[in-house]
1. Which whole-number percentage describes the relative contact order of segment 160-208, with Cα contacts under 8 Å and a sequence gap of 6 or more?
2. Give me the 1.4 Å probe accessible area per residue for the chain, excluding ligands and nucleic acids, in Å².
3. Can you compute 3J(HN,Hα) from phi for each residue in segment 21-27, using the Karplus curve 6.51 cos²θ - 1.76 cosθ + 1.60 with θ = phi - 60°, rounded to whole Hz and x for Gly and Pro?
4. Can you list residues whose amide H is under 5 Å from Arg199's amide H, if they're 5+ apart or on another chain and H is modeled 1.01 Å from N?
5. Starting from the Kirkwood Rh over alpha-carbon pairs, what translational D in µm² s⁻¹ does segment 97-245 have by Stokes-Einstein at 37 °C and 0.692 mPa s?
6. Which semi-axis lengths, in whole Å and largest first, follow from the square roots of five times the eigenvalues of the Cα gyration tensor of segment 177-305?
7. Could you sort Ile204, Ile178 by accessible area so the largest value comes first, with the probe set to 1.4 Å?
8. Express in nm, to one decimal, how much length is gained between Gln115 and Glu35 on full extension, taking 0.36 nm for each residue of separation and deducting their alpha carbon distance.
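The values are calculated or read from the model by the stated rules, or taken from the named source; none is laboratory data. Note that the structure is predicted; figures quoted are calculated from it, not measured. Positions of Cβ are generated from backbone atoms using ideal geometry, with glycine treated the same way; all protein chains shown enter the neighbour counts. Side chains are part of the model used for accessible areas, which takes the heavy atoms of the whole protein and leaves out ligands, DNA and RNA. Shrake-Rupley method; radii C 1.70, N 1.55, O 1.52, S 1.80 Å.
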Amino acid sequence: MPEFPDYLDVSYEDGEGEMPADYPALDDKMEKAIEVTRRGLEEYESPAVMWTGGKDSTLTLYFVAQVAEKHDLEVPPAVFIDHYQHFDELLDFVDHWADEWDLDVIFARNENVGQLADTPGEEIAVSDLNEQNQHHVRDILEYEEDTFPFLLDTYVGNHLLKTVALNETLEAEGIDGIISGIRWDEQEARADETFFSPRHDPEIYPPHDRIQPILQFEERAVWDAFWNFVVPDTVEDYPMGHVPQDYDDLPNGLSHDALPVSPKYFEGFRSLGSEVSTDKADNEPAWLQNLEETTERAGRAQDKEDLMGRLRDLGYM
């Protein structure tokens, strides 16, 4: 039996040993992103885009849309993991832009867990989980306590609410390649990723590949791409080169709804993980902060950050 997937012609070594400095200019980064995106759309039979509503996945979605239009390819569906603890503004953003861009959005949810708690932090009894979730908790995570908190940024919570939800969706939808907006500089556990990354072990996840077009972007370059390309290309009459200096600095009478940038970034958040475990980094917009000398994910609960390598081994993005 041929190794999955036998119909692909991609290099799993593409990007190995590289770092953002190997793509020094924004044009270099964008050229590589377009190349990887096109190959992803052409090579995979049933691709999807991982979309969180955050800056990285929205930039990735921009490349997908641009490449699809230029090369007469289909825009694949977007997968949004609903872990039940999002900022309300982020959910509104996703609904709004899914409608604006006519996106087919697949909502991935672990409904069994979501039905067992109403309040973040509430304890859930492992014995109340269905058989599959109990298997993940006891046999895969080797968690021994009788209960766990209904919180996203914990070992058990993250795995059940995000990874299990994603894997169930990959299997149900027959997705063979998921286009993801992760970056080398974002988290140490992602620093060795390649542009095409295999996930073929059926004991851990439905066999698929991760297609990762923006690995080479630093946080600063992401925002440079937004204000020089994504926003001007998306928003009619947006003045080229205008970078908002505060929450209300929107040109030509535009509202926040008109921009494909979450208002949370204007408020000072640099990461949008969870309403209950993510704090703003500063009071000024994310792109005006000291991005080079501070940590992007410092506002997130650190339990999950410390466990990122192990979580990624189990299928986390």
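1. So the answer I get is 33 percent.
2. Value returned for the chain: 45 Å² of accessible area per residue.
3. Couplings: 4, 6, 10, x, 9, 4, 4 Hz.
4. Amide H neighbours of Arg199, under 5 Å, 5+ apart: His208, Asp209, Arg210.
5. Details: Rh = 18.3 Å.
This corresponds to a translational diffusion coefficient of 179 µm²/s.
6. Working: eigenvalues 176, 71, 36 Å².
Taking √(5λ) for each eigenvalue gives 30, 19, 13 Å, largest first.
7. Values: Ile204 60, Ile178 0 Å².
Highest to lowest solvent-accessible surface, that is Ile204, Ile178.
8. Value of the extension gain: 24.6 nm.
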